[in-house]
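In what follows, a structure is listed as C-alpha cells, so that the remarks can point back to it.
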Amino acid sequence: MSAPRGEFTSRFGFLMAASGSAVGLGNIWGFPTNAASNGGAAFLFTYLILAFALAYPALMAELIIGRHARANAVTALKSISSGRGSTMLAVFIGFSGIITVSLILSFYAIVSGWMMAFFLDPIARLIGLDGFSQWLTEDAVLRNSIFVVLFMMLTVVIISAGVKDGIEKWASRLMPSLVIILVLLIIYVLTLPGAMDGLRAYLVPDFSRIADPGLLVDAMGQAFFSLSLGVGTMLIYGSYIGKDENLPTVGSLVALLDVGIAVLAGMLILPAMYVALGNGVEIYDAAGGLIAGPRLIVSVLPALFNTMGFMGIFVALAFFSLMTIASLTSSISMLEVPVAYGVEYHGTERRTAAAVIGAAITLIALIIVFNFDLLFDLVVTYTTEKSQPLLGFAFCIFVGWIWSRNDILAEIKQGCSGAESGLFWRIWPFYVKFICPVAILVVYFQ
C-alpha cells in the first residue's frame, strides 16, 4: 500500500525546507507593497502580531497532524477522524488540497519561468547576445512555454531525489544563499539616492490606519497565507520531522524565519521602488497605488536596473537569482504534496510519481500560457482566494473539534515532555478551536 518514507535528518534541514516553502515570490513582491499601501510600519506592526497570534497556531495544526500520521494529507486527516462523516470530509479536504496546490503550482511555474528568463537576461547581455537578451525579456507564448517546462523539470529532479537527498539537500543550500543575496542587495540599494524615502514609507508608522478594517484584513491574509497554510505543504513537511523534535519550538522558528525574510524583503523592494522613481521609472498604477505583483518584478525593477549602467547588469543578476531561488524552494514543497500521496497511497515509485504528476501540472500550466488572459487570473483567484482559505478553515476544525485533545497532547509531548504545563498548551488549543476559524472566515468573506 505504501512505500518507505523519508525523514529530515536535522532540525536545520527541516527549517530550511519549511521556511523555503513559506518564502516565495509573494513574500518578496506582496508584503512590501502591502505595507507601503497600508500605513507603513502600522501594517508591519499589525502583521507581526497577527502572524504569531493567528498564523502560527494554524501552522502548528498542520505540523502536529503531519508528524502524528507520518503520511500524506488524505491519509493523515482520515487517521484523526472520529466517524464516517468526518472520514468522508477528510478524504474530500485531502483531495481538495492536492488539487488546489497542483493548480497553484501550475500558475506559479509560469511566473517562476519569467524569473528564470530574467535571470538569464543579464548573462546574455554580458556575453553580447543582445538578440537573445531581447527575446528573454519579451512576453511571448514560446518563451513562457519553454521556461515553464524548464522550471518544472528542475522541480521534478529535486523531488525525485527524495526528502534527504532532494528537498533537504537543496533547501539547505538555497535558503542560506537567498538570505545572503537579499542582505547584499539591501546594503547596495540603501546607498542609492532616493532609497531613504522608500525606507521611510516602509518603516515610519501611520498609526491612524491601525483601526482601518482594510489594513487588518490585508495583514491577516498576508500573515496566514505567507506560511503556505491550508493546502498540506506544512502537513507533509511535518510528517518528515523526527519524533524527538520539540514541535512548538520548530514551528516558532519557521514562523520567525518567514516573517524575518518578509520584513527584509520590504527593506529591499520599497527603497528600490523609490530609487526607480527618482530615476524616472513609474512606480504608481492608474489608481494611484504602488505597482505590485508580477508587473513590479518584470517591469519596474528591470527598468531601474537599466538606469544603473554596467553595474545594473550585476544587480539584475543577483536580484533574479534571488527570485529564482524563492520560486524553487516553494515549488518543491508544492509538488511534494501530490507526489507524497502517489508514493504512499498507491505505492508508486517516487521518480515515476514525480515525473507523471510534474508532467500533468506542466500541461495545465501550458494550457494557461496559451489562454493567459482567460485563465491566469481565474486560476489564481479560485485557488488562493476561494479554495485556500476554506482549506485552512477545515484544518483548524479537524484539530480543534474532531481530533481528540488527549491524542494531540500526547503527540506534542513526544518531543516536549512538559508540554501540558507550558504556555503553548495553555493558549494554542483555544486559539485553533475558536479564534483561527473565525479569523479565516473574516478574511474569506472580505
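The values are calculated or read from the model by the stated rules, or taken from the named source; none is laboratory data. Predicted model only: the values in this text are computed from it and were never measured. Virtual Cβ from ideal backbone geometry, glycine too; neighbours counted across all protein chains shown.
Count of the stretch 263-297 residues, restricted to those that are surrounded by fewer than 22 Cβ atoms within 10 Å (Cβ to Cβ) and either touching an Asp or Glu at 6+ places or on another chain (Cβ under 7 Å) or of a type in the set (Lys, Arg) (or both), is 2.
I need the full set of residues from the stretch 327-373 which are polar (S, T, N, Q) and either surrounded by fewer than 17 Cβ atoms within 10 Å (Cβ to Cβ) or assigned to a helix (DSSP H, G or I) (or both), in order please. Hits for the stretch 327-373 are 327, 329, 330, 331, 333, 352, 362, 371.
For residue 260, the test of being surrounded by fewer than 24 Cβ atoms within 10 Å (Cβ to Cβ) and in a helix (DSSP H, G or I) is passed. Considering only residues in the stretch 342-368 that are at pLDDT 95 or above and hydroxyl-bearing (Ser, Thr, Tyr), the one that is farthest from residue 30 (Cα to Cα) turns out to be 352. Within the stretch 373-390, residues that are free of Cβ contacts under 8 Å to residues at least 12 places away in the same chain and over 21 Å from residue 93 (Cβ atoms) sit with their Cβ atoms under 8 Å from residues that are β-branched (Val, Ile, Thr) and crowded, with 17+ Cβ neighbours inside 10 Å, at 6+ positions apart or across chains, in these pairs: 375/368. Scanning the stretch 168-214 for residues that are assigned to a helix (DSSP H, G or I), over 20 Å from the mean Cα position of the chain (by Cα) and of a type in the set (A, V, I, L, M, F, W, C) gives 184, 185, 186, 187, 189, 195, 196, 199, 201, 203, 207. Restricting to the stretch 215-250, count the residues that are hydrophobic (A, V, I, L, M, F, W, C), modelled with pLDDT under 90 and either over 17 Å from residue 436 (Cβ atoms) or within 13 Å of the chain's Cα centre (by Cα) (or both). So the count comes out to 7. Scanning the stretch 75-124 for residues that are assigned to a loop (DSSP other than H, G, I, E, B) and surrounded by fewer than 19 Cβ atoms within 10 Å (Cβ to Cβ) yields 81, 82, 83. Can you tell me which residues in the stretch 263-305 are closer than 22 Å to residue 316 by Cβ, free of Cβ contacts under 8 Å to residues at least 24 places away in the same chain and either outside any helix (DSSP H, G or I) or of a type in the set (Val, Ile, Thr) (or both)? Result: 282, 283.
Which residues, counting only those in the stretch 302-311, are surrounded by fewer than 18 Cβ atoms within 10 Å (Cβ to Cβ) and not β-branched (Val, Ile, Thr)? Residues satisfying the conditions are 303, 306, 308, 309, 310, 311.
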